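Have a look at the structure below before the remarks.
The values are calculated or read from the model by the stated rules, or taken from the named source; none is laboratory data. The structure displayed is predicted, hence computed values, not measured ones. For neighbour counting, all protein chains shown are included, and Cβ atoms are generated from backbone atoms with ideal geometry for every residue, glycine included. When the accessible area is computed, the model is the full protein with side chains, heavy atoms only, and any ligands, DNA or RNA have been set aside. Shrake-Rupley method; radii C 1.70, N 1.55, O 1.52, S 1.80 Å.
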Amino acid sequence: LRLITGGNPVLKVGIIVLFFGVAFLLKYAAQRNMIPVELRLAAVALGGMALLVIGWRLRRNHMLYGLGLEGAGIGVLYLVVFAAAKLYQFLPITLALALMIGLVGLSCALAVLQDSKGLALSGSIGGFLAPVLMSTGSGSHVLLFSYYTLLNAGILGIAWFKAWRELNLTGFLFTFAIVGFWAASAYVPDHISTTEPFLILFFVMYCLIAVLFAHRQPLQLRGFIDGPLVFGLPIVASSLQAYLVYDFRYGLALSALALGGWYIG
């Protein structure tokens, strides 16, 4: 609650309105074939970079305001790259993923260098929301999950340096909520080979994040274990796994055996 209401709430509301407005503008423009596509994307990308530069310049005299603008700029750039790759097919998948890696790295570096939990949170939330807001009901789930793998790799990288519980929980909730929603609405048994590796990868990532969080905490009983990750992760992941393998003989039994072996290890 302090994270949401503290600092400059007017700035936070403005950034949220701006982010959603840009997302719906890009989607609306794609559907209506208004001004040239290249000009639209270039204008939005320049706007995102302008926010990022202005926020960086203001970080010393107006830290909260500057960090908020930096987070908004990174979120807008996530939107542009995802829209260029998915809505318009301007970028090949490999180039789009490379740009996403760059944005994830930039976001993590800025957050750690400036010791800003808020910047890490705003950048991550913008990254997770970008494909949801850009969704047209079609597209490759492999691209979506590859993109989320990059975002979670960024959170894992930050967890190596900082014990930011809110960031860990944000990534966990967004990742598994969106994966669960996709599984409930679009999964068929033929997708098992392209979804199982991602579920395993997300599970391992958040196990490691929970361990890193514990190592970054002082040795106290209160707050030493990150409960929602430590106990929520196996419940959520095993539920999704049961849904994926319900058509396979011994699928759930083998999954339980593997999960037990992992936790013993």
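Here is a check on your reading of the model: is Ala120 closer than 18 Å to Pro234 by Cβ, assigned to a helix (DSSP H, G or I) and either open to solvent by less than 20 Å² (accessible area, probe 1.4 Å) or at pLDDT below 85 (or both)? Considered against the rule, which asks whether it is closer than 18 Å to Pro234 by Cβ, assigned to a helix (DSSP H, G or I) and either open to solvent by less than 20 Å² (accessible area, probe 1.4 Å) or at pLDDT below 85 (or both), Ala120 comes out as no.
Looking only at residues in segment 169-182 that are out of contact with any Phe, Trp or Tyr (no Cβ under 6 Å at 6 or more places or on another chain) and touching a residue at least 24 places away in the same chain (Cβ under 8 Å), which one is farthest from Phe203 (Cα to Cα)? Working first, answer last.
Narrowing segment 169-182 to residues out of contact with any Phe, Trp or Tyr (no Cβ under 6 Å at 6 or more places or on another chain): 169-171, 173, 176-182.
Cutting the leftovers down to touching a residue at least 24 places away in the same chain (Cβ under 8 Å) gives us 169-171, 176, 178-180, 182.
Working: Leu169: 13, Thr170: 15, Gly171: 12, Phe176: 9, Ile178: 14, Val179: 12, Gly180: 13, Trp182: 17 Å.
That would be Trp182.
Yes or no: Ile155 out of contact with any Cys (no Cβ under 7 Å at 6 or more places or on another chain), part of a helix (DSSP H, G or I) and closer than 25 Å to Val17 by Cα? When the stated conditions are applied, Ile155 passes them. Restricting attention to segment 13-42 and to residues that are modelled with pLDDT of 75 or more and charged (D, E, K, R), the residue that is most open to solvent (accessible area, probe 1.4 Å) turns out to be Glu38.
On the basis of being assigned to a helix (DSSP H, G or I), open to solvent by less than 40 Å² (accessible area, probe 1.4 Å), in contact (Cβ under 8 Å) with a residue 60 or more places away in the chain and within 21 Å of Val22 (Cα to Cα), does Leu144 make the cut? Against the criterion (assigned to a helix (DSSP H, G or I), open to solvent by less than 40 Å² (accessible area, probe 1.4 Å), in contact (Cβ under 8 Å) with a residue 60 or more places away in the chain and within 21 Å of Val22 (Cα to Cα)), Leu144 does not qualify.
Considering only residues in segment 43-90 that are open to solvent by less than 50 Å² (accessible area, probe 1.4 Å) and assigned to a loop (DSSP other than H, G, I, E, B), the one that is farthest from Val13 (Cα to Cα) turns out to be Tyr88.
Under the condition of being open to solvent by 90 Å² or more (accessible area, probe 1.4 Å) and in a helix (DSSP H, G or I), which residue from segment 221-242 is modelled with the lowest pLDDT? So, considering only residues that are open to solvent by 90 Å² or more (accessible area, probe 1.4 Å) and in a helix (DSSP H, G or I), the one modelled with the lowest pLDDT is Phe231.
Is it true that some residue in segment 179-188 is modelled with pLDDT of 85 or more, in contact with a helix residue (DSSP H, G or I) (Cβ under 8 Å, 6 or more places away or on another chain), of a type outside the set (Gly, Ala, Ser) and more than 27 Å from Phe231 (Cα to Cα)? Within segment 179-188 (the criterion being modelled with pLDDT of 85 or more, in contact with a helix residue (DSSP H, G or I) (Cβ under 8 Å, 6 or more places away or on another chain), of a type outside the set (Gly, Ala, Ser) and more than 27 Å from Phe231 (Cα to Cα)), the answer is no, since none of the residues qualifies.
Is there a residue in segment 194-202 that is over 19 Å from Ala258 (Cβ atoms) and either open to solvent by less than 20 Å² (accessible area, probe 1.4 Å) or not hydroxyl-bearing (Ser, Thr, Tyr) (or both)? No.
Being at pLDDT below 80, over 11 Å from the mean Cα position of the chain (by Cα) and either more than 23 Å from Phe24 (Cα to Cα) or open to solvent by less than 60 Å² (accessible area, probe 1.4 Å) (or both) holds for only one residue in Pro218, Pro131, and it is Pro218. When Ala163 is tested against (1) in a helix (DSSP H, G or I); (2) more than 27 Å from Val81 (Cβ to Cβ), exactly one condition is not met: (1). Figure legend. Inter-residue proximity from segment 74-90: first residues among the β-branched types (Val, Ile, Thr), second residues open to solvent by 20 Å² or more (accessible area, probe 1.4 Å) and outside any helix (DSSP H, G or I), beta-carbon distance below 9 Å, spacing 6+ or different chains. Indicated pairs: Val81/Leu91. What do you reckon, is Leu91 under 20 Å from Ala23 (Cα atoms), over 12 Å from the mean Cα position of the chain (by Cα) and among the hydrophobic types (A, V, I, L, M, F, W, C)? It is true that Leu91 is under 20 Å from Ala23 (Cα atoms), over 12 Å from the mean Cα position of the chain (by Cα) and among the hydrophobic types (A, V, I, L, M, F, W, C).
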